[in-house]
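What follows is a short report on a single structure.
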Amino acid sequence: MPRAVLIYIGAIEAMNRVIGRMAMYLIFVLMAVLLWSSTSKVFMTPSAWTLETAQFVMVAYFVLGGPYSIQLGSNVRMDLFYGDWSPKTKAWVDAITVFFLIFYLGVLLYGGLVSTAYSLGYFGSEPFDFFLSLIATFFTEGPSAAGEALGFLERSPTAWRPWLWPIKTILCLGVFLMILQSLAEFFKDIGRLRGVLD
């Protein structure tokens, strides 16, 4: 296999391993939020922020841990026949079906970017142009000019009313990392078929 592909696989897997292992600890943050939620409901006035915070932490835990789960092969599979196949047959099937996953993740990423642009006050139909101009403004004119380029920031319609752009950004990042990991898995399958990787 070309050296660039092996470097890509190593870099993506190292990055997703670090992010995934850090994301694992979000389960303790989630437990703390839910414990506080239960305690505040029993002994004092219920906290307005706990339900949405728990939801946001769970989303971050799931999407940031997803690429690491794919890397470990611990993602859920429909295993009626797969377990009995030879490693070479598994590699063939995985190398073909990964494109369905990448297509799905690409659609999901596009929807996430549109939704994130909306949460930052952009109501047009070209989210990529919006993000490119926002990044260009940030680097050429500074953070304050980029802040002025934003529109009305979307908030949740609950009593707490948190901004939604942070969790939508994390969702887009997680889906993008899953696409990168899926491509690495595709290259590993090709390597297995060629006898280069185990």
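The values are calculated or read from the model by the stated rules, or taken from the named source; none is laboratory data. Because the structure is predicted, anything quoted here is derived from the model rather than measured. Here the Cβ positions follow ideal geometry from the backbone for every residue, glycine too, while neighbour counts run over all protein chains shown. Just the protein is used for accessible areas: all its heavy atoms, side chains included, with ligands, DNA and RNA removed. Shrake-Rupley method; radii C 1.70, N 1.55, O 1.52, S 1.80 Å.
Worth pointing out:
- With respect to (1) closer than 20 Å to V175 by Cβ; (2) without any contact (Cβ under 8 Å) to a residue 60 or more places away in the chain; (3) of a type in the set (A, V, I, L, M, F, W, C); (4) open to solvent by less than 50 Å² (accessible area, probe 1.4 Å), the lone exception for I12 is condition (2).
- Pairs where the first residue, in the range 106-124, is in contact (Cβ under 8 Å) with a residue 12 or more places away in the chain and the second is part of a helix (DSSP H, G or I) and of a type in the set (S, T, Y), C-beta under 8 Å, 6+ apart: T116/T169
- Among the residues making up the range 91-105, those that are free of Cβ contacts under 8 Å to residues at least 40 places away in the same chain and either more than 19 Å from F176 (Cα to Cα) or touching a Leu at 6+ places or on another chain (Cβ under 7 Å) (or both) are V93, I96.
- Only one of the listed residues (L134, L108, L153) is in contact with a helix residue (DSSP H, G or I) (Cβ under 8 Å, 6 or more places away or on another chain) and closer than 27 Å to V76 by Cβ. That residue is L108.
- In the range 168-198, residue farthest from S69 (Cα to Cα) [restricted to those that are open to solvent by 20 Å² or more (accessible area, probe 1.4 Å) and either without any contact (Cβ under 8 Å) to a residue 40 or more places away in the chain or among the acidic types (D, E) (or both)]: G195
- Failed criterion for L30 (all others in (1) closer than 27 Å to R155 by Cβ; (2) surrounded by fewer than 14 Cβ atoms within 10 Å (Cβ to Cβ); (3) not small (G, A, S) hold): (2)
- Residue under evaluation R161, criteria (1) free of Cβ contacts under 8 Å to residues at least 60 places away in the same chain; (2) open to solvent by 60 Å² or more (accessible area, probe 1.4 Å); (3) assigned to a helix (DSSP H, G or I); (4) closer than 24 Å to L26 by Cβ, criterion not met: (3)
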